[in-house]
Amino acid sequence: MLALIYAGQALRDPKPLHRAAIVLVNSQMENGDFPQQEIMGVFNRNCMISYSAYRNIFPIWALGEYRRHVLQS
């Protein structure tokens, strides 16, 4: 969603951005968090990295940019 916003999708056709925002809002849990996706990022073939805060940072960032670049323009 962020890539589409920064690429100017709102100027061409904002419908995909509206749909993406609906998906993000609907995926938010009752406590305000977003669900944890599967763990990505394996190094040395045995260590997995989990960036727990990313599950909340990127959806909130995307919705903020959506509001700023799509809804307020």
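Pairs under 7 Å by beta carbon, first residue of a type in the set (Val, Ile, Thr) in the range 2-29, partner surrounded by 10 or more Cβ atoms within 10 Å (Cβ to Cβ) and assigned to a helix (DSSP H, G or I), six or more apart or different chains?
So the pair list comes out as Ile5/Leu17; Ile5/Glu65; Ile5/Tyr66; Ile5/His69; Ile5/Val70.
Write out, first by first residue and then by second, each pair whose Cβ atoms fall under 7 Å of each other, whose residues are 6+ apart or on separate chains, and whose first residue, in the range 42-57, is more than 29 Å from Gly32 (Cα to Cα) and touching a residue at least 60 places away in the same chain (Cβ under 8 Å) while the second is part of a helix (DSSP H, G or I) and among the charged types (D, E, K, R).
Short answer, once both residue conditions are applied: none.
Restricting attention to the range 27-67, which residues are open to solvent by 50 Å² or more (accessible area, probe 1.4 Å) and closer than 17 Å to Leu2 by Cα?
Tyr54, Arg55, Ile57, Phe58, Ile60, Trp61, Arg67
Taking the options Leu24, Leu2, Leu71, name whichever one is open to solvent by 50 Å² or more (accessible area, probe 1.4 Å) and hydrophobic (A, V, I, L, M, F, W, C).
Leu71
Which one is farthest from the chain's Cα centre (by Cα) among residues in the range 3-46 that are charged (D, E, K, R) and assigned to a helix (DSSP H, G or I)? Before the answer, list the steps.
Residues of the range 3-46 that are charged (D, E, K, R), as a first pass: 12-13, 15, 19, 30, 33, 38, 45.
Pick out the ones that are also assigned to a helix (DSSP H, G or I) and you get 12, 15, 19.
Details: Arg12: 20, Lys15: 16, Arg19: 12 Å.
Checking each candidate, the answer is Arg12.
The values are calculated or read from the model by the stated rules, or taken from the named source; none is laboratory data. Keep in mind it's a predicted model, so treat the numbers as computed, not measured. FYI the Cβ positions are ideal-geometry reconstructions off the backbone, even for glycines, and counts take in every protein chain you see. Each accessible area value is taken on the protein alone, full model and side chains, heavy atoms only, with ligands, DNA and RNA left out. Shrake-Rupley method; radii C 1.70, N 1.55, O 1.52, S 1.80 Å.
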